[in-house]
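One structure is given here, and the rest of the page talks about it.
The values are calculated or read from the model by the stated rules, or taken from the named source; none is laboratory data. Just so you know, these numbers come straight off a predicted model, no measurement behind them. Here the Cβ positions follow ideal geometry from the backbone for every residue, glycine too, while neighbour counts run over all protein chains shown.
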């Protein structure tokens with residue numbers, strides 16, 4: 001999935017409602033809801049640029065989603081492009097695990113929803129099934145394991161993300177870790193809407209690169225390519241192991257896209273250096 005697929009490809013109002021409806025439906029199937037689940041819904045919606053201006057607009061969205069029929073929601077999602085369906089699948093998995101447990105009614109809902117809409121299968125790794133004890137009643141019996149889950153949930157991202165993030169952050173030689181910070185900065189600006197289109201994205205990165213010396217630009221070219229390679233090889237491995245739904249996978253995908261864009265624009269600025277020197 002490319003950088004523009006999430007941030008610059010618009011979701012229609014109906015598509016946003018259908019995605020919201022699907023999450024609210026999943027939230028209700030186990031008979032209870034909590035703050036973590038509602039927070040997860042808002043985080044998932046933020047990824048697709050759902051940015052209500054005020055509380056009244058939030059209430060309108062929630063009301064419209066509640067009034068949308070399941071049939072209409074399924075139809076809308078079924079007609080979505082594959083990249084949007086992938087976001088729906090990832091979001092529903094995040095929702096299923098938001099309350100620290102996985103119950104039979106949730107699994108049944110997901111399987112039925114997959115069949116009706118054609119979204120990618122929501123899969124759970126052995127590690128996730130071990131952590132989120134799967135019971136029909138939805139209650140974990142091992143209090144020690146519950147405590148461990150809560151500690152892990154306190155961390156924002158899955159360990160797969162943390163491992164790769166820590167690896168790149170530790171690469172201080174040549175300034176790789178600093179350029180990785182820039183990659184993450186670009187992603188955050190995209191996420192909050194400070195960068196709203198491809199032109200702004202390119203201009204922001206170019207402005208940063210054009211401030212560098214020739215040696216500095218060469219260093220950043222090497223660093224962006226190194227970051228791109230590390231993230232790319234990790235993403236391929238996750239794809240092969242069918243581990244693409246963990247919390248932080250989308251971020252890694254987007255970091256990879258930003259690093260790729262950075263590397264490409266480094267070459268453009270280097271060409272500008274060469275033209276300037278030839279005059």
Total residues in the range 166-175, condition surrounded by 12 or more Cβ atoms within 10 Å (Cβ to Cβ) and free of Cβ contacts under 8 Å to residues at least 60 places away in the same chain: 4
Report, by residue number, each residue of the range 81-114 that is at pLDDT below 85 and either surrounded by 19 or more Cβ atoms within 10 Å (Cβ to Cβ) or in a loop (DSSP other than H, G, I, E, B) (or both). 97, 98, 99, 100, 101, 102, 103
In the range 119-219, which helices (runs of 4 or more DSSP H) lie fully inside it and hold 1 or more residues that are modelled with pLDDT of 85 or more? 159-169, 176-192, 198-209
Residue, surrounded by the most Cβ atoms within 10 Å (Cβ to Cβ), within the range 64-74, restricted to residues that are within 24 Å of residue 49 (Cβ to Cβ) and in contact with a helix residue (DSSP H, G or I) (Cβ under 8 Å, 6 or more places away or on another chain): 73
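Every residue in the range 248-266 that is touching a helix residue (DSSP H, G or I) at 6+ places or on another chain (Cβ under 7 Å) and either surrounded by fewer than 16 Cβ atoms within 10 Å (Cβ to Cβ) or on the phi > 0 side of the Ramachandran plot (or both), please. Lay out the reasoning, then the answer.
Restricting attention to the range 248-266, the residues satisfying the condition of being touching a helix residue (DSSP H, G or I) at 6+ places or on another chain (Cβ under 7 Å) are 248-263, 265-266.
Result: 248, single match.
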How many residues does the range 239-274 contain that are within 14 Å of the chain's Cα centre (by Cα) and either assigned to a helix (DSSP H, G or I) or in the same structural domain as residue 87 (by TED's automatic domain parsing) (or both)? 10
